[in-house]
1. Pick out the one residue from Lys287, Lys216 that is farther than 22 Å from Asp341 by Cα, of a type in the set (D, E, K, R) and either in a helix (DSSP H, G or I) or touching an Asp or Glu at 6+ places or on another chain (Cβ under 9 Å) (or both).
2. Kindly evaluate Val225 against the criterion of being in contact (Cβ under 8 Å) with a residue 24 or more places away in the chain, part of a loop (DSSP other than H, G, I, E, B) and either closer than 29 Å to Val293 by Cβ or hydroxyl-bearing (Ser, Thr, Tyr) (or both).
3. Among the residues of the stretch 371-424 satisfying the criterion of being in a helix (DSSP H, G or I) and of a type in the set (D, E, K, R), which is farthest from His200 (Cα to Cα)?
4. Filter the stretch 290-315 down to residues that are part of a loop (DSSP other than H, G, I, E, B) and crowded, with 19+ Cβ neighbours inside 10 Å, then give me how many there are.
5. Pairs, please: C-beta under 9 Å, at least 6 apart or cross-chain, first residue at pLDDT below 95 and in the stretch 90-105, second in a strand (DSSP E or B)?
6. What's the total number of residues in the stretch 256-275 that are more than 23 Å from the chain's Cα centre (by Cα) and surrounded by 17 or more Cβ atoms within 10 Å (Cβ to Cβ)?
7. In the list Trp244, Trp166, Trp177, which residue meets the criterion of being over 15 Å from Ala395 (Cα atoms), in contact (Cβ under 8 Å) with a residue 40 or more places away in the chain, of a type outside the set (D, E, K, R) and surrounded by 24 or more Cβ atoms within 10 Å (Cβ to Cβ)?
8. Within the stretch 172-208, how many residues turn out to be more than 16 Å from the chain's Cα centre (by Cα) and of a type in the set (A, V, I, L, M)?
Amino acid sequence: MRSIRHWLTGAVGAIALLAGAAPPALAAGGPAVDAGDTAFILVSAALVFLMTPGLALFYGGMVRRKNVLSILMQCFVIMGLVSVQWVLLGYTLAFGPDLGHVIGGLDWLGMNGVGQAPNADYAGTIPAAAFAMFQLMFAIITAALIIGAFAERMNFAAFVLFTLLWTTLVYDPLAHWVWGVGGWLRELGALDFAGGTVVHISSGVAGLVAALVLGKRLSLQREPVIPHNLPFTVLGAGLLWFGWFGFNAGSALAANGLAATAFLTTNTAAGAAALSWALAEWLHHGKPTVLGVVSGAVAGLVVITPAAGFVGPLSAVLMGLLVAPVCYWAVAWLKARLGYDDSLDAFGIHGVGGTVGALLTGVFADTAVNPAGFDGLLFGNPHQLLVQAEAVVAAWVFSAVLTFIILKAVGLLTPLRASEDDEEVGLDLSQHGEVAYQYADFAGEAHSA
């Protein structure tokens, strides 16, 4: 009966919105809005939003020039598609009143009842609408991260349908498991401050499955695929690093000391990992590269995401130093050994880095930093590492199985891959009828509109 009531309440609210009625306010007498916290979260949400255009540049610089617009297009379409999906359905599935510890109810369908008053269950000093917008930006960047694994070969129609279904069926339930009041991983005691499990493991594993289902790019059999514009990639990495401060510090959901700690640990882990990756590359190949440094920085940002508000700066240094060689190994050795085509290393950095980060959170978490968390292995609580491992396995299995099913279902409706001719010409021209550059480069490659 409670489930039916949630459905009816949500449906009535959606009809009222469509009819132009004002959404009902949250219960009177609740917590008051704090202007400072609200301003901080709005700015943090804007910083996280900026990460997706930053990702577009980061990924766009690493593909060949004939596919750069397709990357930019996919990122911007995700920004629009997920924004609408979140308002209509996604937010209530992720954060609505709990149903069976696995999904949110439809009480907030169409953002019904999500307004200017705070929601004490999630963020008691900021408007519920501000919290919803902040969380929307996480849903956007998560879907965008996946495209790095199947870059240069996915049919655009299949991409749109896959993104909509994946966000609804994978991201929204997983967000509820970990962050939603009543979610089973939250009840289990799993720690994920800003999305190591929800964002990075889910997207990285989904990217790996997509790469396996779609198969390798045709060009890999004939020639090396070289980034066409590394300055784009460096600029994108800088925007990601910048936006990540909103991503992690904003997850404190208030302008307070915990936000400052998360800001500090975020920057520290990124710096340590950038140096560690450069050193690993230097030892392995004899030269450090700029692509390696920015890849290391992103790996550091990934690894600290679940731990940012639970660990101190020295732990952040260790986490950054540890994650870079592991991700480097996944990118430089594991991918070649197993033979999958993770085009831009979405799995190698986000899937692997997110897994390492979630597990290390169970090692370095310290209640002296955040009393709302739990101590980790190094602070006398080995059980937390086991809990983190359970959450990692759950996220891996859930994302992998659902992603495979979604891809197969989409493949029944439209081809998953662009045709061989379209892939040879490039997705910019074949899928979108546009080209990024009108002049030949030094290698003699030229396109014209």
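The values are calculated or read from the model by the stated rules, or taken from the named source; none is laboratory data. Nothing here was measured: the structure is a model prediction, and the numbers come from that model. All Cβ positions, even for glycine, are placed from backbone atoms using ideal geometry, and neighbour counts span all protein chains on display.
1. Working: Lys216 fails: farther than 22 Å from Asp341 by Cα.
When all the criteria are applied, what remains is Lys287.
2. Details: in contact (Cβ under 8 Å) with a residue 24 or more places away in the chain: yes; part of a loop (DSSP other than H, G, I, E, B): yes; either closer than 29 Å to Val293 by Cβ or hydroxyl-bearing (Ser, Thr, Tyr) (or both): yes.
Yes.
3. Within the stretch 371-424, the subset in a helix (DSSP H, G or I) is 377-379, 382-413, 420-424.
Those still in the list that are of a type in the set (D, E, K, R) too: 390, 408, 420-424.
Working: Glu390: 16, Lys408: 23, Glu420: 31, Asp421: 33, Asp422: 30, Glu423: 28, Glu424: 31 Å.
Top of the filtered list is Asp421.
4. Start the filter on the stretch 290-315 by keeping residues that are part of a loop (DSSP other than H, G, I, E, B), which leaves 305-312.
Next, only the ones that are crowded, with 19+ Cβ neighbours inside 10 Å stay: 305-311.
Residues that pass the stated criteria total 7.
5. Close Cβ pairs (under 9 Å, with a partner that is in a strand (DSSP E or B)) do not exist here.
6. So in the stretch 256-275, the residues more than 23 Å from the chain's Cα centre (by Cα) come out as 256-257, 275.
Of the ones still in play, those that are also surrounded by 17 or more Cβ atoms within 10 Å (Cβ to Cβ) are 275.
Residues that pass the stated criteria total 1.
7. Values: Trp166 fails: over 15 Å from Ala395 (Cα atoms); Trp177 fails: over 15 Å from Ala395 (Cα atoms).
Being over 15 Å from Ala395 (Cα atoms), in contact (Cβ under 8 Å) with a residue 40 or more places away in the chain, of a type outside the set (D, E, K, R) and surrounded by 24 or more Cβ atoms within 10 Å (Cβ to Cβ) holds for just one of Trp244, Trp166, Trp177, which is Trp244.
8. Counting residues in the stretch 172-208 that are more than 16 Å from the chain's Cα centre (by Cα) and of a type in the set (A, V, I, L, M) gives 5.
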